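K.L.:
Mind having a look at this structure? Questions to follow.
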Amino acid sequence: MSISDQSLFPQTPVESKEHEDHYNKICEDYNHLMETLPKGNGWRAKHLYNYNGFWISPKYIKANLLLHAYFKPQPTDIFLASFMKSGTTWLKALIFSTLTRHLYSFSDHYLHHHGPQSTFPFLESECENFPITDFTHMSSPRLFATHFPRTLLPESMTSCKFVYICREPKDVLVSKWVFMNKIREKDLPPFSFDEAFDLFCEGVSNYGPFWEHVLSYWRASLESPEKILFLKYEEVKRQPEVVVRRLAAFMGIPFMAEEVEKGVVENIVKLCSFENLSNLEVNKKGVEKFGTVEVENREFFRKGEIGDWRNYLSDEMKQRIDGIIDEKFKGSGLIFGS
Ligand code: A3P
């Protein structure tokens, strides 16, 4: 597709020509990549492609190229990064309600009527098409979510703050398998848990290998703890109030003593709890669009528990995956589930 197909492109003729050439070059690079990249079995769609070490869907490979070419980060931007099914929805709600706590009352809150996914943009979807979404009118600090690993992001984004949420890999696997089956393309054959398990262990799942994804942010957080807040789903479960206070401080808007006394932290935790959010009408019936893919909000709320993997993995499977995880994280200092 050439840029001239895009009626929305608002540039002067000279700039248009330059931009057209630039965009056409990106399309050429993309087409070349798609012919040469290693292919693996997909979870939602037929194939994933190994792009710079990570298994990515074609449309998000293109989004990554457009992100590198056109996204202009601001130093005040805050990104929520995660491997899929690690608690993104929860953290979106927590980050949004912490940042906007002066704008909404807890008796009639934005999140009572809108799914947490709608609170701030998912970068990949916004960069899927050309021109990418114009974010210049968003007020500062701008919030974005992404599943891209750290190493696939433009260097210019390293000056921004990141909140990374990770989760015990066996729970991620189960959550991801259930979710992907719900949104799997209808013309594909059924996707068994055994197949998902093998692929996950080989590193082949959207944005995988899981361990490379987590390690990309873990290492960066050790180097720049002031820029990357590394969280675990299990610790948010255990001590949500502590995490919310850390989030606020990290984002540069710590809670004042009066706010704490008034119970603002507890109110945010309650508002964003699985029990509360999953029972709201908007999250039972609503739909969220990610580019061309529509996902029912309720698919983002399944059980919200730690250790549901026990209902899916045999002892043998547990041993195999634990062995892989132990080996991949050896010496990193990162321990799951604690
Ligand atoms: P389960 O499938 O194990 O229940 P993501 O938001 O990254 O897609 O992750 C989805 C997982 O987070 C699902 O896990 C979902 O139930 C859980 N989840 C969603 N909202 C939550 C909340 N408010 N509290 C705890 N877990 C939540």
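The values are calculated or read from the model by the stated rules, or taken from the named source; none is laboratory data. Predicted model only: the values in this text are computed from it and were never measured. Every residue, glycine among them, receives a Cβ derived from its backbone with ideal geometry; neighbour counts consider all protein chains shown. Protein only, heavy atoms only, side chains kept; ligands, DNA and RNA dropped before computing areas. Shrake-Rupley method; radii C 1.70, N 1.55, O 1.52, S 1.80 Å.
K.L.:
Using the structure shown, decide if residue 83 is within 16 Å of the ligand (Cβ to nearest atom) and either in contact (Cβ under 8 Å) with a residue 40 or more places away in the chain or under 26 Å from residue 197 (Cβ atoms) (or both).
P.N.:
Numbers: within 16 Å of the ligand (Cβ to nearest atom): yes; either in contact (Cβ under 8 Å) with a residue 40 or more places away in the chain or under 26 Å from residue 197 (Cβ atoms) (or both): yes.
It is true that residue 83 is within 16 Å of the ligand (Cβ to nearest atom) and either in contact (Cβ under 8 Å) with a residue 40 or more places away in the chain or under 26 Å from residue 197 (Cβ atoms) (or both).
K.L.:
Do we have any residue at all in segment 135-150 that's touching a strand residue (DSSP E or B) at 6+ places or on another chain (Cβ under 8 Å), open to solvent by 10 Å² or more (accessible area, probe 1.4 Å) and assigned to a helix (DSSP H, G or I)?
P.N.:
Yes, that holds for at least one residue.
K.L.:
So is residue 246 more than 16 Å from the ligand (Cβ to nearest atom), within 27 Å of residue 169 (Cβ to Cβ) and open to solvent by 40 Å² or more (accessible area, probe 1.4 Å) or not?
P.N.:
On the way: more than 16 Å from the ligand (Cβ to nearest atom): yes; within 27 Å of residue 169 (Cβ to Cβ): yes; open to solvent by 40 Å² or more (accessible area, probe 1.4 Å): yes.
Taking the combined requirement at face value, the residue satisfies it.
K.L.:
Can you name the residue in segment 75-121 that is of a type outside the set (D, E, K, R) and assigned to a strand (DSSP E or B) and is also most open to solvent (accessible area, probe 1.4 Å) among such residues? Spell out how you get there, then give the answer.
P.N.:
Filtering segment 75-121 for residues of a type outside the set (D, E, K, R) gives 75-76, 78-84, 86-91, 93-100, 102-107, 109-121.
Right, trim to assigned to a strand (DSSP E or B) and you get 78-82, 105.
Numbers: 78: 7, 79: 1, 80: 2, 81: 0, 82: 0, 105: 55 Å².
Only one residue fits best here, namely 105.
K.L.:
May I ask you to say which residue of 163, 172 is at pLDDT 95 or above, within 13 Å of the ligand (Cβ to nearest atom) and in a helix (DSSP H, G or I)?
P.N.:
Numbers: 163 fails: in a helix (DSSP H, G or I).
It is 172.
K.L.:
I would also like to ask the following. Quick one: in segment 175-187, which of the residues that are away from the ligand (no atom under 13 Å from the Cβ) and under 21 Å from the mean Cα position of the chain (by Cα) is surrounded by the most Cβ atoms within 10 Å (Cβ to Cβ)? Reasoning before the result, please.
P.N.:
At the first step, the residues of segment 175-187 found to be away from the ligand (no atom under 13 Å from the Cβ) are 184-187.
Filter once more, keeping what is under 21 Å from the mean Cα position of the chain (by Cα): 184-185.
On the way: 184: 16, 185: 10.
Looking at residues that are away from the ligand (no atom under 13 Å from the Cβ) and under 21 Å from the mean Cα position of the chain (by Cα), I get 184.
Residue-by-condition table, conditions (1) among the hydroxyl-bearing types (Ser, Thr, Tyr); (2) under 26 Å from residue 99 (Cβ atoms); (3) open to solvent by less than 30 Å² (accessible area, probe 1.4 Å):
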site: 253; (1), (2), (3): no, yes, no
site: 267; (1), (2), (3): no, yes, no
site: 286; (1), (2), (3): no, yes, yes
site: 294; (1), (2), (3): no, no, no
site: 300; (1), (2), (3): no, yes, no
site: 303; (1), (2), (3): no, no, no
site: 310; (1), (2), (3): no, no, no
site: 321; (1), (2), (3): no, no, yes
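K.L.:
Could you list, in sequence order, the residues of segment 188-230 that are buried (at least 18 other Cβ atoms within 10 Å of the Cβ) and either without any contact (Cβ under 8 Å) to a residue 60 or more places away in the chain or among the charged types (D, E, K, R) (or both)?
P.N.:
Hits for segment 188-230 are 212, 221.
K.L.:
Just wondering, is there one or more residues in segment 296-308 that are under 29 Å from residue 218 (Cβ atoms), aromatic (Phe, Trp, Tyr) and at pLDDT 95 or above?
P.N.:
Let us first name the residues in segment 296-308 that are under 29 Å from residue 218 (Cβ atoms), namely 299-308.
Still in the list and also aromatic (Phe, Trp, Tyr): 300-301.
The next check asks that each one be at pLDDT 95 or above; those that pass are 300-301.
There is at least one residue in segment 296-308 that is under 29 Å from residue 218 (Cβ atoms), aromatic (Phe, Trp, Tyr) and at pLDDT 95 or above.
K.L.:
Residue 270 is checked against (1) within 13 Å of the ligand (Cβ to nearest atom); (2) within 26 Å of residue 123 (Cβ to Cβ); (3) not hydrophobic (A, V, I, L, M, F, W, C) and fails just one. What number does that condition carry?
P.N.:
(2)
K.L.:
Now, a different point. Given the criteria assigned to a helix (DSSP H, G or I) and not β-branched (Val, Ile, Thr), does residue 124 qualify?
P.N.:
Values: assigned to a helix (DSSP H, G or I): yes; not β-branched (Val, Ile, Thr): yes.
Criteria met by residue 124.
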